[in-house]
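Visitor: Next up is a structure, given as structure tokens.
The values are calculated or read from the model by the stated rules, or taken from the named source; none is laboratory data. This is a predicted model, so every value here is computed, not measured. No Cβ is skipped: glycine too gets one built from the backbone with ideal geometry, and neighbour counts run over all protein chains shown.
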Amino acid sequence: MESPKLRGVNLGGWLVIEKWMTPTLFAGTSAEDEYTFMQTEGAAAKLSHHRDSFITESDFKWMSKHGINAVRIPVGYWVLSDTAPFISAVTHLDWAMKTALAHNIQVIIDLHALQGSQNGFDHSAKIGPAEWFNNSEYRQSSLDVLEMIAKRYKDYKNFWGLQIINEPKVGILHLTLRRFYKDAYARLTPILHTHTRIIFSDAFSPRLFSGILKHRTHPVVMDVHLYHMTKLFAQFFSLDWYYRVLQRRKKLLTRLSRSQPVIIGEWSGALRQTAYDRIPQPRHDELTKDYIAHQLSIYEDVIGWFYWNYKTEKPGVWSFKSQVDDGVINLHYTD
């Protein structure tokens, strides 16, 4: 299926909240994730205001003006209906789909937080054990939610893809995840139009999951997340080391793309502090700018990329908008 290359951003911290991205929202509470936040005093009103104000039409206008033609929207399993303690975000997701369409922006709906948590991290909405893998009812619930999302938005022309899970912490349970991928594909293909891709996570093990959905009648895409500053021993190496890693990633992406199309669903310009410590302070933005440019030169080879994140409460390397506004990210496309 031919389509324009996706150059996108994530709308993280909006319909699934994360404390580090919007600390003011969590101010005055001891909450560390959405699950505990929703049990604090006044949470519903605070969340409503946040959803109304964090992303507005002016943001979609800014994206369109700066060449962003796609958004990846993280949602929780409660997105379509209240599931205590979580509050549905369906009106905001409806609005986002319509507003994106009005500005010619494609949308990936990303099931980012699954019941029971698929990784135990804050961005799954509940810090703790990843119980999703050990509970068949949770996995069935996830399939049901995906099916409901597919039915609700299937007729939107800008519904580019439905991501069935985000960053599962697979460990030795990869067979459970493989079965989930196949079950999700079977549930979604009768519903979705062929302009909407079914997107699966590489679970940070791309070689293990590449080509898992074979003999397919409906388009599938592998989602790969590339955060080089998290790699073991990254703090001990220079920027040249990061660039060598990027060249290896380029070869990997080429191999993966032979089995299915690939998107870089998350990446950023973040580096370990030790990389900055090696150069004078006035050159820090120059270093970040160079690192981002190197990444873009490689990620342009796949069918799409999505910076994490579009914006954060404070400007900086995790805010695509502030990096563009400050001239750190320069967007020059060949098509």
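Visitor: Can you name every residue in region 177-205 that is buried (at least 19 other Cβ atoms within 10 Å of the Cβ), within 25 Å of residue 4 (Cβ to Cβ) and not hydroxyl-bearing (Ser, Thr, Tyr)?
Guide: Correct list: 188, 192, 197, 198, 199, 200, 202.
Visitor: Still on this structure: I need the full set of residues from region 122-174 which are in contact (Cβ under 8 Å) with a residue 40 or more places away in the chain, over 20 Å from the mean Cα position of the chain (by Cα) and closer than 30 Å to residue 30 by Cβ, in order please.
Guide: Of everything in region 122-174, those that are in contact (Cβ under 8 Å) with a residue 40 or more places away in the chain, over 20 Å from the mean Cα position of the chain (by Cα) and closer than 30 Å to residue 30 by Cβ turn out to be 133, 141.
Visitor: Continuing with the same structure: Find the residue count for region 152-163, including only residues that are surrounded by 17 or more Cβ atoms within 10 Å (Cβ to Cβ) and either in a helix (DSSP H, G or I) or basic (Lys, Arg) (or both).
Guide: Within region 152-163, residues that are surrounded by 17 or more Cβ atoms within 10 Å (Cβ to Cβ) and either in a helix (DSSP H, G or I) or basic (Lys, Arg) (or both) number 2.
Visitor: Could you tell me whether residue 313 is surrounded by fewer than 16 Cβ atoms within 10 Å (Cβ to Cβ), part of a helix (DSSP H, G or I) and of a type in the set (D, E, K, R)?
Guide: For residue 313, the condition - surrounded by fewer than 16 Cβ atoms within 10 Å (Cβ to Cβ), part of a helix (DSSP H, G or I) and of a type in the set (D, E, K, R) - is not met.
Visitor: Select from region 69-98 the residues that are surrounded by 15 or more Cβ atoms within 10 Å (Cβ to Cβ), more than 19 Å from the chain's Cα centre (by Cα) and either under 14 Å from residue 161 (Cα atoms) or of a type in the set (Val, Ile, Thr) (or both) and list them in ascending order.
Guide: Within region 69-98, 83, 87 meet the criteria.
Visitor: Here is a further query. Name the one entry in 28, 13, 42 that is closer than 22 Å to residue 122 by Cα and surrounded by 22 or more Cβ atoms within 10 Å (Cβ to Cβ).
Guide: 13
Visitor: Looking only at region 16-25, filter to residues that are within 17 Å of residue 53 (Cα to Cα) and not aliphatic (A, V, I, L, M); which one of those is surrounded by the most Cβ atoms within 10 Å (Cβ to Cβ)?
Guide: Within region 16-25, the match that is surrounded by the most Cβ atoms within 10 Å (Cβ to Cβ) is 18.
Visitor: Same structure again: Scan region 182-193 and tell me whether some residue there is over 29 Å from residue 20 (Cβ atoms), within 21 Å of the chain's Cα centre (by Cα), of a type in the set (Ser, Thr, Tyr) and modelled with pLDDT of 95 or more.
Guide: yes
Visitor: Shifting gears a bit: Would you check if there is a residue in region 164-176 being part of a helix (DSSP H, G or I) and surrounded by 22 or more Cβ atoms within 10 Å (Cβ to Cβ)?
Guide: Looking for residues that are part of a helix (DSSP H, G or I) and surrounded by 22 or more Cβ atoms within 10 Å (Cβ to Cβ), one finds none in region 164-176, hence no.
Visitor: Let me confirm something: among 296, 287, 271, which residue is out of contact with any Ser or Thr (no Cβ under 9 Å at 6 or more places or on another chain), of a type in the set (A, V, I, L, M, F, W, C), surrounded by 16 or more Cβ atoms within 10 Å (Cβ to Cβ) and modelled with pLDDT under 90?
Guide: Being out of contact with any Ser or Thr (no Cβ under 9 Å at 6 or more places or on another chain), of a type in the set (A, V, I, L, M, F, W, C), surrounded by 16 or more Cβ atoms within 10 Å (Cβ to Cβ) and modelled with pLDDT under 90 holds for just one of 296, 287, 271, which is 287.
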